[in-house]
Amino acid sequence: MTVQDTTTQESTATGVVLSDPAAAKVKALLDQEGRDDLRLRIAVQPGGCSGLRYQLFFDERFLDGDQTYDFSGVEVIVDRMSGPYLGGAVIDFVDTIEKQGFTIDNPNAQGSCACGDSFS
């Protein structure tokens, strides 16, 4: 995993980390969109089986208090409210015969549900 731009190893411990396979998948999806003004936004919102759920989506906006990270040319944005819930979280992309999709390994999650989309 590589972290570039102004993100340092210290901020990686308090911010999110996008693995190389996840960065490659996001880059491929952005290329399909054909727009260069989008970035990956990772957010935490109320809901789901365990109380909170992850949201990953492309966004062209910058909000006040956003934290910005660059991983192999992929820009990742985390809003001010989601930041404390995502400190140290690693976003990966898995592509096996059994499972395909993004996974989030979050050291802040005290519990999660079977679907893997929500946590507490």
- prompt: Which of the residues that make up segment 73-106 are out of contact with any helix residue (DSSP H, G or I) (no Cβ under 7 Å at 6 or more places or on another chain) and in a strand (DSSP E or B)?
  reply: E75, V76, I77, V90, V94, D95, Q100, G101, T103, I104, D105
- prompt: Restricting attention to segment 45-58, which residues are in contact with a Leu (Cβ under 7 Å, 6 or more places away or on another chain) and modelled with pLDDT of 90 or more?
  reply: L56, F58
- prompt: If D37 passes every condition in (1) within 18 Å of N106 (Cβ to Cβ); (2) assigned to a loop (DSSP other than H, G, I, E, B); (3) open to solvent by 30 Å² or more (accessible area, probe 1.4 Å) but one, which one does it miss?
  reply: (1)
- request: Would you check if D31 is of a type outside the set (S, T, Y) and in a loop (DSSP other than H, G, I, E, B)?
  value: no
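The values are calculated or read from the model by the stated rules, or taken from the named source; none is laboratory data. What you see is a predicted model, and the numbers here were worked out from it, not measured in a lab. All Cβ positions, glycine included, derive from the backbone under ideal geometry; neighbour counts span all protein chains shown. Keep in mind that these areas ignore ligands, DNA and RNA; they rest on the heavy atoms of the full protein, side chains included. Shrake-Rupley method; radii C 1.70, N 1.55, O 1.52, S 1.80 Å.
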